[in-house]
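Contents: one structure, followed by commentary.
The values are calculated or read from the model by the stated rules, or taken from the named source; none is laboratory data. The shown structure was predicted, so the numbers you read here are calculated from the model rather than taken from an experiment. Because the Cβ atoms are built from the backbone with ideal geometry, glycine has one as well, and the counts that use them run over all protein chains shown. Quick note on the areas: whole protein, heavy atoms, side chains included, nothing else; ligands and nucleic acids left out. Shrake-Rupley method; radii C 1.70, N 1.55, O 1.52, S 1.80 Å.
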Amino acid sequence: MRIFYLFIFCIAAGTATGQANNFKVSGTIKDEQLRPLQSGAISLLRIKDSSLVKLAVSDKAGTYELVNVKPGKYIVSAALVGYSKSFSKLFEVSNSNTEVPEILLKQNIKQIGEVTVQAKKPFIETKIDKTIVNVDASPTSAGSTALEVLEKSPGISVSNDGVISLRGKSGVIVMLDGKPTYLSAADLANMLKNMPASALDQIEIMTNPSSKYDAEGNSGVINIKTKKGKTAGFNGSIMVGYTSSIYRMKGTTYFVPKSQNSFNFNYKKNKINIFGNYNPNIFRGRNELTIDRNFYNNGVLDGSSTQNTEFKFGNTNHTLKLGLDYYANKKNVFGIVLNGFVFNGHPTPITNSIIKDKNGMPQSAMISKTENRIGFENFSGNLNWKHSFDTAGRELTVDFDYVTYSNVSNMLLTTNFYNNLQQQTSPTLYLSGHLPADINIYSFKTDYSHPFRNGRLEAGIKSSYVKNDNLVDYKRQSYDKWINDTRSNHFVYDENINAAYVNINKQIKKWTVQGGLRLENTIAKGYQVTNDSSFKRNFTNLFPSLFLSYAASKNNQFTISYTRRVTRPNYQDLNPFTYFLDSLTYRVGNPYLLPQFTHNFELSYAYKSKFIFTLNYNNTNDVISQILKQNTQSKITYNTSENVANFKNMGLSITAPASFAKWWNANFFTNVYNNHYKGMYNNQPIDMNYTSFMINLTNSFTLGKGLTGELTGFYRYKGVDQLSVNEPVYQLSVGAQKQVMKGKGTVRLNVRDPFAWQKFEGRTKYSDIDVRFLARPDVRQVTATFTYRFGKNTPGNQPRRRQNASQDEQNRIGQGGN
């Protein structure tokens, strides 16, 4: 309660100090036809040093108010998407309120022949606190998935297991429209590779978020924003696309089809705005994984094995989103957002395993085939309310959320055993599994924002409750009967997280200071029904954040920041279940995992707000790592998660846009970093230290007559991640797009990884573990899409984007499937 008393005291103090001897500045913004413009960004600038004093947003009538303005000389700037920024004349606030003369904004549209060309955002925008990826601005995004767009974004890497890393660090939190996904790293990647890029608007990358955000995620936050309507009336787009992967395996070339389609719309009239999208997709794919293992007995090589798994998978999935904003009056907006996702998949991996003696001679072999039928359904609902107390930015927002996941996986694992002469040595082994999982999430949050003289106070509370019920029911065939298998289990996990935060920002001449504190209390209970065992946890943590920025001049800005963050185990890693790849390889959960805590430090320098240099240092305790364990005698290997090490990461990143000609623009990003894992495993030390780097390069070409092109690529040098040393990964993509039908249509052609360079190769070696792996996904693809836009093509009012109450929890759910 002390935090809330402090919160109330700060509001009262800020209000009291902000009223005396201050005045109001008001005015109106309109277009060239003298029509009022809503949602314009209004900035009050001090003449002396051009510093920002206050912000406001124009209402439906185009009017704005800036309150608590001190006497002095100012100008007002007005900006709106699709219009050129405009400025008022200089004016002085002395002893009365000031009415600024009407500001006219000119629409930023050129007419070239019969084709309408609107202002085009760059693919990558760099800000002092985040990087923004504008998905539609990239021709190579055509036919891509959300995961593929992420992979080519600055500083982001994706491993073969689907672990998303940011600047060399895993533990990143991925949000969708400010909402959590609740998925484990691998399953999150699985969902994103089934989400079409055509449904995305922007990707925000934040390496050091403030206390306003959930403390979850030790390496930062990635917020994926989906498309929503922007104009009055009925508007939208339809996209149809076809992709063919060209995959070569064991001398045979396969053409693997995929189809991504989308329909986006919005209807805005008077006080109502309705928006939504529907994405039906068909996905087919192939993959090949080779694993070579050495087995040791007291440090001496005792044998080895080679496994080759050929994956063939396919699925159909449907994503639907519907939302409504109701502008009751100037001060109150109510909204509802509904989301649905349905997935049906049929992955069928076939694994050939050869067991060898210490001299490398084959002793036995086995062939395993797994038939999987996976059904996954997700529904989420959000109710929200926003109340604006005034036009100066004082507001209160409230969100209620309900999220449910239902996942059912049915599998049949068939294994045949052979000797070194390829003669079958025992009857075929059959193992069937029925694995249902249900997760229900309820959450509430409210945020309050209160501007005061050259600053802002933010505070809020959040509460979430998660119920996770998982069952694995295995049966094996014995002669002509199916009998229960001892690896069956039933696990129930309940979790309640309560949080409160306060965040204060203050500008003092050329300095900007922001400090925040977040309090989170976690109450968790796990119960294994099968053996009647349980555990309980109750802990409270503080997460401070501090940002200090100095504007040395108009073109030079320095920022230093510190945050403390946490990464909790995802729900699937806590489930003590066994999930099979084949008879010799499986994954098992760990209900005794603890959260990991991270201290993040960053020092950034920005030149002209475009060229950004960042030094970072991170120290993480009790790192949640993927650990391999094996039985040398049975040659069985399994994967689990444990808190095994301390992790330190330090690095230098550089973001630099360049313009080589009027028709050629580029964006360059590089990150040089060192990862150091140090800990214990099986009473033996782990000490893995590696310096690596990554490069992202995007080239955009404006070729005239509505034709644009793009050449993108990335390179990740050899480095250590999750206790594995990974070989270099690199890829190249080329794309082009053409505006047709007087700007209403767009044709895109994209070739991804034309030389089939991308593969995942590496080695895991510690204690008695010695494993080499090579994975080759079917990423060489040719895609063609056509997009048709209907309704008005000029930008207008943007629906609100919600950051709902269940943001953190959705990032920790695990599902199965491909």
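Ordering L723, Y213, Y465 by Cα displacement along the dipole of the chain toward the positive end leaves Y213 in first place; charges were set at the Cβ atoms of Lys, Arg (+1) and Asp, Glu (-1).
Value of Rg to Rh for the range 674-777, rounded to two decimals, is 1.23; Kirkwood radius and Rg both from alpha-carbon coordinates.
Assuming a viscosity of 0.692 mPa s and a temperature of 37 °C, what translational diffusion coefficient in µm² per second does Stokes-Einstein assign to the range 336-385, Rh being the Kirkwood radius over Cα pairs? Using the Kirkwood radius from Cα pairs, D works out to 215 µm²/s. When nucleic acids and ligands are ignored and a 1.4 Å probe is applied, R537 ends up with an accessible area of around 50 Å². Shape summary of the range 643-734, radius of gyration then Dmax from alpha carbon positions: 18.9, 67 Å.
Taking the Cβ-Cβ separation of K330 and K608 as r and a Förster radius of 35 Å, what is the calculated FRET efficiency to the nearest 0.05? Efficiency, from the Cβ-Cβ distance: 0.40.
Using C-alpha pairs under 8 Å with a sequence gap of at least 6, the mean separation divided by the residue count of the range 469-524 gives a relative contact order of 29 percent. Annotation: lysines with alpha-carbon distance below 16 angstrom to K610 (same-chain offsets under eight excluded): K121, K127, K130, K554. Take M361: with every protein chain present and a 1.4 Å probe, its accessible area is about 110 Å². Using a cutoff of 8 angstrom between alpha carbon atoms and counting only pairs six or more residues apart, the relative contact order for the range 495-645 works out to 16 percent.
Here each label is just a point 7 Å from Cα along the line to Cβ, and for F535 and A756 those points are 4.5 nm apart. The peptide list 198-205, 370-377, 250-257, put in order of mean Cβ contacts within 10 Å with the highest first, becomes 198-205, 370-377, 250-257. Peptides 502-510, 275-283 ranked from most to least packed by the mean count of surrounding Cβ atoms within 10 Å: 275-283, 502-510. When the convex hull of its Cα atoms is viewed from all sides, the range 205-269 shows a mean projected area of 8.7 nm².
Relative protection proxy for 658-664, 602-608, 348-354, from highest mean packing down: 348-354, 602-608, 658-664 (other beta-carbon atoms within 10 angstrom). When the chain is described by a simple charge dipole with +1 on each Lys and Arg Cβ and -1 on each Asp and Glu Cβ, the residue from L34, G713, G178 located farthest towards its positive end is L34.
Residue separation of E310 and L774 scaled by 0.36 nm, minus their Cα-Cα distance, works out to 165.8 nm of gained length. Just want to confirm a number: the relative contact order over the chain, from Cα pairs under 8 angstrom separated by 6+ residues, in percent. This gives 13 percent for the chain.
The aspartates and glutamates within cross-link reach of K718, meaning a Cα-to-Cα straight distance under 16 Å and a gap of 8 or more places when in the same chain, are E727, E761. Extension gain, E371-I350: 0.36 nm per intervening residue step, less the Cα-Cα distance, totals 6.6 nm. Between amide H atoms placed 1.01 Å from N, distances below 5 Å from S219 occur with V172, I173, all of them 5 or more places distant or on a separate chain. For the chain, with equal point scatterers placed on the C-alpha atoms only and solvent neglected, what are the log10 I(q)/I(0) values from the Debye formula at q = 0.06, 0.08 1/Å, to two decimals? The Debye formula, applied to the Cα set alone, gives -0.41, -0.73.
Between the range 272-299 and the range 692-714, the alpha-carbon centres lie 27 Å apart.
Scattering from the range 294-422 was approximated by placing one identical point on each alpha carbon and applying the Debye formula without solvent; log10 I(q)/I(0) at 0.11, 0.19 1/Å stands at -0.67, -1.04.
Across the range 348-363, rounded Karplus estimates of 3J(HN,Hα) from the backbone phi angles (6.51 cos²θ - 1.76 cosθ + 1.60, θ = phi - 60°) give 9, x, 10, 10, 10, 10, 10, 9, 10, 7, 5, 8, x, 8, x, 10 Hz, Gly and Pro being marked x. If you plug the beta carbon distance of V408 and V57 into 1/(1 + (r/R0)^6) with R0 = 60 Å, you get a FRET efficiency near 0.85. Other residues whose C-beta falls under 9 angstrom from the C-beta of D485 contribute a net charge of +2, scoring Lys and Arg +1 and Asp and Glu -1. Based on protein heavy atoms only, the chain ends up with 43 Å² per residue of surface accessible to a 1.4 Å probe.
Candidates N134, N671, Q739 compared by Cα position along the dipole of the chain: farthest toward the positive end lies Q739, with charges placed on Cβ.
Could you work out how far the C-alpha centroid of the range 414-449 sits from that of the range 90-106, in angstrom? Between the Cα centre of the range 414-449 and that of the range 90-106, the gap is 67 Å.
Return the FRET efficiency for the residue pair Q424, K648: r is the Cβ-Cβ distance, R0 is 41 Å, and the value is rounded to the nearest 0.05.
Efficiency, from the Cβ-Cβ distance: 0.20.
Ignoring ligands, DNA and RNA, what percent of the accessible area of the range 372-450 is carbon or sulfur (1.4 Å)? Reported share for carbon and sulfur atoms: 57 percent. Provide, for q = 0.09, 0.12 Å⁻¹, the log10 of I(q)/I(0) from a solvent-free Debye sum over equal Cα point scatterers in the range 374-488. For the requested q values the scattering log ratios are -0.53, -0.68.
Relative to one another, the C-alpha centroids of the range 199-228 and the range 600-674 are positioned 16 Å apart.
With the simple spin-label model, which puts each label point 7 Å out from Cα in the Cβ direction, the S259 to D485 separation comes to 3.6 nm.
Pairs to check: K30/K662; K70/K506; K536/K765. Give those whose C-alpha atoms are more than 27 Å from each other in this structure.
Table pairs above 27 Å Cα-Cα are K30/K662; K536/K765.
Computed about its Cα centre, the charge dipole of the range 709-760 is approximately 380 debye, with only Lys, Arg, Asp and Glu carrying charge at their Cβ.
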